[in-house]
Amino acid sequence: QLQIVQGHHNRQLADQNRIRPLSIVADRGNILDRKGIPLAANQLSRSVYLYPREQSMQQWQETADRLSKILDLPAEEILKKLKQVGYRSAVPARVYRNLTPQQFVALAEFGQISGLEIRAESSRRYPNGNLAAHILGYIGEATADDLRANPDFPMGMLLGQMGIERIADPSLRGKWGSHLIEVDSVGKELRMLGEQKPVSGSDLRLTID
C-alpha cells in the first residue's frame, strides 16, 4: 500500500519535507569561590552549524574553501566535521564556536549558503582569566570515543576536559534538550513537531577564596 499504491505520493512528500532534529545546548553550571564569586560562568555566543544533506559533497568542498577564509579555519577541518555526521545526515554539524562580531557580519554579507545556520548558544567564560586554570580546567567538544561510550550524547556535546570542569562534569553539564522541526525542500521551517527543554547544570561552590 505504501510503496506501490501510494508510492509516488509518499516519495513527493519525502522529497519536499524533511525533519530536522535540533539540539538545544543546556547552560552549564557556574563554578563559584567560597564567597559565591564566579570563577567559571556562561556568556552568550554564536556558533556555525551546517546541515550535511543540504549540499552535495562537491558543493561542500567549495563552500568549505569559502568559509575557511572567514572563520580562519582550514577547509579540511570543516569537511572532517561534516564527514563525522555523514553527508546524508539530517543532524547538523557544529563547525565553529564563539563567532566574533566581525565574523558574524562577514557571514551575513557573504550571501545565503544552503544548509548554514548561525545559532545563539551559551559558552564558557572565566572572569579571572588564567587564574587557577590548573584547578578549574576547561571544556571542549566530546571526542569520537566519548560519543561511542555515551550514545545519548548529541553531536557537539561539550564536556569538561581537565580539573574541576572534568571531575564535576556530570552535575555541571546539565541535560541538553532538543526539538524537531519540519522544513520544506529549500530548508524553510514549516512547523515545530515537538520539544524537550534543556535542564541547566548545577552550580558548584569551592572552598577557594
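At a glance:
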{"quantity": "Virtual spin-label span in nm between L73 and Q6, 7 Å along Cα→Cβ", "calculated": "4.1"}
{"quantity": "Dipole in debye (nearest 20) - segment 89-163, about Cα centre, beta carbon charges: Lys, Arg +1; Asp, Glu -1", "calculated": "180"}
{"quantity": "FRET efficiency for I208 and Q61, using Cβ-Cβ distance with R0 set to 45 Å, rounded to 0.05", "calculated": "0.40"}
{"quantity": "Accessible-area value, H134, 1.4 Å probe, nucleic acids and ligands omitted, Å²", "calculated": "150"}
{"quantity": "T63 accessible area, assembled protein chains, probe 1.4 Å, Å²", "calculated": "10"}
{"quantity": "Accessible-area composition of the chain, carbon plus sulfur, in percent [1.4 Å probe]", "calculated": "51"}
{"quantity": "Of the DSSP H helices in the chain, those whose Cα atoms cover at least 15 Å axially and whose Kyte score averages -1.0 or more", "calculated": "57-71, 75-85"}
{"quantity": "Of L39, L107, L190, the one that fluctuates the most in a GNM where the chain has Cα springs shorter than 10 Å", "calculated": "L190"}
{"quantity": "Expected 222 nm ellipticity per residue - DSSP helices of 4 or more, -39500 (n - 2.57), all of the chain, to 500", "calculated": "-8500 deg cm²/dmol"}
{"quantity": "Distance from segment 28-89 to segment 124-160 (C-alpha centre basis), Å", "calculated": "14"}
{"quantity": "Cβ-based charge dipole, the chain, positive-most Cα from I113, A168, Q61", "calculated": "A168"}
{"quantity": "Mean separation of Cα contacts under 8 Å (6+ apart) over length of the chain, as relative contact order %", "calculated": "33"}
{"quantity": "Solvent-accessible heavy-atom area per residue, rounded to whole Å², over segment 86-209 at 1.4 Å", "calculated": "60"}
{"quantity": "Two-site label geometry, S200 and R119: point separation in nm, points 7 Å out along Cα→Cβ", "calculated": "1.9"}
{"quantity": "Compactness of segment 25-144 - radius of gyration and Dmax, Cα, Å", "calculated": "16.8, 55"}
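The values are calculated or read from the model by the stated rules, or taken from the named source; none is laboratory data. Quick caveat, the model's predicted, so the values are computed rather than measured. Cβ atoms come from the backbone with ideal geometry, glycine included; neighbour counts cover every protein chain shown. The accessibility values were calculated without ligands, DNA or RNA, using every heavy atom of the protein model including side chains. Shrake-Rupley method; radii C 1.70, N 1.55, O 1.52, S 1.80 Å.
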